[in-house]
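Below: the structure, in structure tokens.
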Amino acid sequence: MKPHLYVQIIGGLLLFIFFILNPLIFVAIGYYAWKGKPRTFDRRRYGRLALETFLPGCGLVLCGKWINADVRTLPYVAQVICILSGLLLVGVGCGPAAGFVTYRQQKTF
């Protein structure tokens, strides 16, 4: 395969993760927090989980940006892995942030 085809495939995968998969994760976690699930979570736990996943995700994206490798070299694989996993962690981190905002305590009678 030609190197420019790798760039198109990776670019399409990055766009898919950023514009389709991350919002789905974001909405799903926020919706279940709004419903009060899981019951062992509270507002504090959602906030802590948001920070624990969002910050490493940003760090991985910045690390992948810092590598700045050519597509024909081996460090390009590390760069792609850093950016893909970082984007997924950012999406997962935004979900508990939405849960932090939308969390409703279930009333027990």
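Cβ-Cβ contacts under 8 Å between residues 6 or more apart (or on different chains), taken from a first residue in region 1-27 that is among the polar types (S, T, N, Q) to a second residue that is part of a helix (DSSP H, G or I), are listed as Asn22/Leu87; Asn22/Leu88; Asn22/Val90; Asn22/Gly91; Asn22/Cys94. Exactly one residue among Ile17, Ile29 is in a helix (DSSP H, G or I), surrounded by 13 or more Cβ atoms within 10 Å (Cβ to Cβ) and modelled with pLDDT of 90 or more, and that residue is Ile17.
Checked against the criterion of being exposed (fewer than 12 other Cβ atoms within 10 Å of the Cβ), of a type outside the set (A, V, I, L, M, F, W, C) and not in a loop (DSSP other than H, G, I, E, B), region 44-63 contains one or more residues that satisfy it. For beta carbons closer than 7 Å, sequence separation of 6+ or different chains, a first residue in region 70-86 that is part of a loop (DSSP other than H, G, I, E, B) and a second that is not small (Gly, Ala, Ser), the qualifying pairs are Asp70/Tyr76; Val71/Pro3; Val71/Tyr6; Val71/Val7; Arg72/Pro3.
Hey, does region 52-68 have a residue that's closer than 29 Å to Leu13 by Cα, at pLDDT below 90 and touching a helix residue (DSSP H, G or I) at 6+ places or on another chain (Cβ under 9 Å)? There is at least one residue in region 52-68 that is closer than 29 Å to Leu13 by Cα, at pLDDT below 90 and touching a helix residue (DSSP H, G or I) at 6+ places or on another chain (Cβ under 9 Å).
The values are calculated or read from the model by the stated rules, or taken from the named source; none is laboratory data. Every value quoted in this text rests on a predicted model; they were computed, and no experiment measured them. Every residue, glycine as well, gets a Cβ built from its backbone with ideal geometry; the counts of neighbours run over all protein chains shown.
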